[in-house]
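The values are calculated or read from the model by the stated rules, or taken from the named source; none is laboratory data. Just so you know, these numbers come straight off a predicted model, no measurement behind them. Every residue, glycine as well, gets a Cβ built from its backbone with ideal geometry; the counts of neighbours run over all protein chains shown. Areas reflect the complete protein model, heavy atoms only, side chains present, ligands, DNA and RNA absent. Shrake-Rupley method; radii C 1.70, N 1.55, O 1.52, S 1.80 Å.
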Amino acid sequence: MISTAPLERHLRQVREALSRIKETVGRDGSGRGAVETLEDHLASLEAEMLERELHLQYQRDLNPQLQWIADPAGSLIAIAGRWDRLTGTPNGSALGDGWRDCVHPDDLPIYDEAAREGIGSGTGYEIDFRVRTADGDYRWLRSRALPRTDADGKLVFVYGYTEDVHEHVLAEHALRESEEHLRYTIELNPQLPFRADADGNVVEVSTKWMKVVGANLDSLLGLGSIDFVHPDDAERVGVLWARAIQTGQLLDSRYRMRTASGGYRWFRSRAGPRFGEDGKIIAWYGVAEDIDEQVRIEEAKAEAIERYRLAGLATKDIIYEWDLATGDIQWNGAIALLAGDDASGLDWWRERLHPGDRDGVLRSLERFVAGDDDDWRCDYRFRRADGSWGHIYDRAHKLRSAGGAPKRVIGSMADLTDRDEAEKKVQQLRAELIHVSRLSAMGAMAATLAHELNQPLAAAQNWVSAARAMIASVPGVPAPALEALAEGRATILRAGEIIRRTRKLVAGGAISRTSEGLAALIEEAFGLLKVSEGNRDVVFEVALPSVRVSVDRVQIQQVLLNLMRNGLEAMRQSDERRLRVEARSDGAWVEVVVSDTGSGFEEDMEDALFTPFRTTKADGLGVGLSICRTIVEAHGGRIWVKSVPGSGTSIHFTVPLADAPAEAEDEDAVTAAQPEEAADEA
Amino acid sequence: MKPEKNIYIVDDDDDVRRSLKLLLELSGLCVRTFERGSDFLEAVDGLVPGTVLLDLRMDGMDGMTVLNELSARSLPWPVIMMTGHGEPEVGLAAISAGAASFIEKPFDEAVLLRHVDEAWSRRGAAAA
């Protein structure tokens, strides 16, 4: 790269000098021989030089590197190498500051900075930079330079060489990129990598372990990690690891590990061996994964399934799952209770449908499966295990796959047969109760009539007797007059007897008193009223001590129903509808209060309330309350009303507490008497 | 005036009150009537001893309440309860509450007079 021009000049001058010497020396003599020898040597020297020059040129051509010399300011003095081939610009154009034109503009300042520092410090520099190639792309070059100072320490030259490191740099970048990539991947990956030697001793763990177990990484090396495993799982894990090491089989173990927070979480470790060239295991590579959430979800699912199964058993409802794709249908255990142990599938179910219902049910089912509805309801008769027909209420729901196609059907079959029978019984009892109530009401009505009639009869009796007494003392009164009055008296007495007898007849003898729980009586009455449509939004309240009362059950329920119905009636137009029954003990009695939030009524109406045939109701005879009074008083109790206009009404009545058996005996004796009397009169 | 000749009728029925008063006066008794139990109780402290004919079923204060009140005041006069029910329990209840006896409407005045006589003689015997 250094110019050979000076050397050539020197050689030329030597040749010329030799020529001159030859002329001087003459044609013969040893002097001329010496000069000719020198000329020969010179020729060899020139040939040698040429040869060397060719060598260098070839070498340079092959050498991709550029060698250069620059002055202290960075201006290129000479450059050897194929600058032209690299940049597409002539070699000479790099000289001086020309090389700068090919350098990437972003890299120039960096280059200059490095050069300034390196040259200034005397240590030289090494810098990567991009240069524009003949194609217009940039390639990475690397320059190394060393300063040369003279004897005084003054900088004279900078020697440097530059090589093409483009592929190298790209590879480095790619490597760094992939390292970064790997690092991020590892960071983001929740798995915890580890490496162990062939004997199973852990030799390396990712730093992530530290964050997870909250301990020094060293404590995880060797076999130390076992200390972090839950005591109940440690032995099992140890055995599995040992077996893997021994057999070379993949490891897959689940265990609880103590985490930084102090609690335990479920982890899964998987590891596999790495084989050396000789086929022997040289290391184990594994990862541990936090599967705690998964495990909890699995546990919750198992629990839910168990609860579902138990719930199914508890309700005795049959629950089934029908896979529409396979046609397979599964019932829970409760099916055995309904239809025996041989539940085997859809055909079995079809066969057990009542012939009269089968066609209809199957058609309906078909429509459901093919149609858009997600829910299906059907009642049908189904042959039970004992051969009898059960009334089944089948409800099903369609489950669709993600795409919307029907996938499965889940449903329940409820055996309503018993409920149907129970309902029938309730209806029967209701009818009986109504019937008995009517009889009892008739009895009560008769009693009311009896009393009401007795008043005027008694008065009539008195008037007639008085008349008779007055007339008897008047002389000259014809005997027939007295007789007539006597007849009148007797007739009245007979009328009274008739009434008494009729009442007794209808009442069917005595009120039968039994010991009844007051709360139960009231609840039953509520029960009958609550189911009524009009009473759906009424609030029914009770505040009762748990006492037993000695009453005629049917009659007292009559009273309760009557009072409650009146209360409900009174509240029909009210905004607030609350019917409340409370009771408190008072000595040997219980005072029961039935109150409503109706419109109430004025004070002067109170007395009239119990008078029969006096009513504000458009319908009804108005005997209700007076019958109640009859019944209550027949029990020895009292009944009265309190009302606040606009606020509500409360009706109070007293009934005897059921107490000592001794009293009950007396009542039996008393009630026993009446049937005899009735028998007499009959 | 002998107490057994003195009768107090407590009955809310006009008809019964008037007819009974007439009847008893014809029998030579001295009769005073009260329409309401509360009226009688108010007046009783100022009355001379007599037999109380008390109707069981009255609107307002009923017979049993009056009877209990009289017992509470330890009134020594006999009280005969007039009932329209005729159910023995009611009568027994009245008697256990302190009534001397009970009589069912409609009744013969002779029956009534017998009750009155017996009531006073029983009381006399008890006192003795």
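Some points to look at:
- Helices (runs of 4 or more DSSP H) (entirely within region A:585-682) containing at least 2 residues that are modelled with pLDDT of 80 or more: A:624-634
- Complete set of residues in region A:332-369 that are open to solvent by 90 Å² or more (accessible area, probe 1.4 Å) and at pLDDT 85 or above: A:Asp347, A:Glu351, A:Asp359, A:Arg363, A:Glu366, A:Arg367
- Of the helices (runs of 4 or more DSSP H) lying entirely inside region A:100-216, those containing at least 1 residues that are open to solvent by 60 Å² or more (accessible area, probe 1.4 Å) and closer than 30 Å to A:Ile282 by Cα span A:166-188, A:208-213.
- Here A:His41 does not fit the description of being open to solvent by 30 Å² or more (accessible area, probe 1.4 Å) and either at pLDDT below 85 or within 60 Å of the chain's Cα centre (by Cα) (or both).
- A Cβ distance below 7 Å, combined with a sequence gap of six or more or placement on separate chains, defines the contacts here; from region A:488-500, residues that are within 8 Å of chain B (Cβ to nearest Cβ) reach residues that are surrounded by 16 or more Cβ atoms within 10 Å (Cβ to Cβ) and outside any helix (DSSP H, G or I) in the pairs A:Ile492/B:Pro106; A:Leu493/B:Pro106; A:Gly496/B:Pro106; A:Arg500/B:Gly86.
- Among the residues of this structure, A:Ala34 counts as one that is more than 60 Å from the chain's Cα centre (by Cα), open to solvent by less than 70 Å² (accessible area, probe 1.4 Å) and modelled with pLDDT under 85.
- Of the numbered criteria (1) modelled with pLDDT under 90; (2) surrounded by 21 or more Cβ atoms within 10 Å (Cβ to Cβ), the one B:Glu118 fails is (2).
- Counting only residues that are under 25 Å from A:Gly248 (Cβ atoms) and either touching a Lys or Arg at 6+ places or on another chain (Cβ under 7 Å) or without any contact (Cβ under 8 Å) to a residue 24 or more places away in the chain (or both), region A:179-208 holds 7 of them.
- All conditions in (1) out of contact with any Lys or Arg (no Cβ under 6 Å at 6 or more places or on another chain); (2) open to solvent by 10 Å² or more (accessible area, probe 1.4 Å); (3) not hydrophobic (A, V, I, L, M, F, W, C) hold for B:Thr33, with the sole exception of (1).
- Matching helices (runs of 4 or more DSSP H) fully within region B:1-110 where at least 2 residues are at the interface with chain A (Cβ under 9 Å from one of its Cβ atoms) and modelled with pLDDT of 85 or more: B:14-26, B:63-72
- Positions within region A:138-167 being modelled with pLDDT of 90 or more, under 60 Å from the mean Cα position of the chain (by Cα) and closer than 17 Å to A:Arg82 by Cβ, in sequence order: A:Arg139, A:Trp140
- Residue ID - most open to solvent (accessible area, probe 1.4 Å), chosen from residues in region A:269-294 that are in contact (Cβ under 8 Å) with a residue 40 or more places away in the chain and among the aliphatic types (A, V, I, L, M): A:Ile282
- Taking region B:1-30 as the range and being free of Cβ contacts under 8 Å to residues at least 24 places away in the same chain, open to solvent by 10 Å² or more (accessible area, probe 1.4 Å) and touching a helix residue (DSSP H, G or I) at 6+ places or on another chain (Cβ under 8 Å) as the test, the residues that pass are B:Asp15, B:Arg18, B:Leu22, B:Leu26, B:Gly28.
- Taking region A:250-275 as the range and being outside any strand (DSSP E or B) and at pLDDT 90 or above as the test, only A:Leu250 passes.
- Selection of region A:84-113 for residues being at pLDDT 85 or above and hydrophobic (A, V, I, L, M, F, W, C) yields A:Ala94, A:Leu95, A:Trp99, A:Cys102, A:Val103, A:Leu108, A:Ile110.
- In the set A:Gly88, A:Gly74, A:Gly96, only one residue is of a type outside the set (Asp, Glu), in contact (Cβ under 8 Å) with a residue 60 or more places away in the chain and on the phi > 0 side of the Ramachandran plot; that residue is A:Gly74.
- In region A:51-69, the count of residues that are surrounded by 12 or more Cβ atoms within 10 Å (Cβ to Cβ), at positive phi and modelled with pLDDT of 85 or more is zero.
- Residue within region A:477-485 that is in a loop (DSSP other than H, G, I, E, B) and either closer than 17 Å to B:Glu104 by Cα or more than 11 Å from chain B (Cβ to nearest Cβ) (or both) present: yes
- Subset of region A:625-646 [facing chain B (nearest Cβ under 10 Å) and open to solvent by 10 Å² or more (accessible area, probe 1.4 Å)]: A:Arg629, A:Glu633, A:Gly636, A:Arg638, A:Ile639, A:Trp640
- Hits in region A:443-476 - residues which are more than 11 Å from chain B (Cβ to nearest Cβ) and either surrounded by fewer than 16 Cβ atoms within 10 Å (Cβ to Cβ) or of a type in the set (Asp, Glu) (or both): A:Val474, A:Pro475, A:Gly476
- Taken over region A:510-550, the criterion of being of a type in the set (S, T, N, Q) and either open to solvent by less than 50 Å² (accessible area, probe 1.4 Å) or at pLDDT below 85 (or both) is satisfied by A:Ser512, A:Ser532, A:Asn535, A:Ser550.
- Flag for A:Ile329 being more than 30 Å from A:Arg258 (Cβ to Cβ), open to solvent by less than 40 Å² (accessible area, probe 1.4 Å) and touching a Ser or Thr at 6+ places or on another chain (Cβ under 6 Å): no
- Test: residue in region A:129-140 that is among the hydroxyl-bearing types (Ser, Thr, Tyr), in contact (Cβ under 8 Å) with a residue 12 or more places away in the chain, touching a helix residue (DSSP H, G or I) at 6+ places or on another chain (Cβ under 8 Å) and farther than 16 Å from A:Ala73 by Cβ: yes
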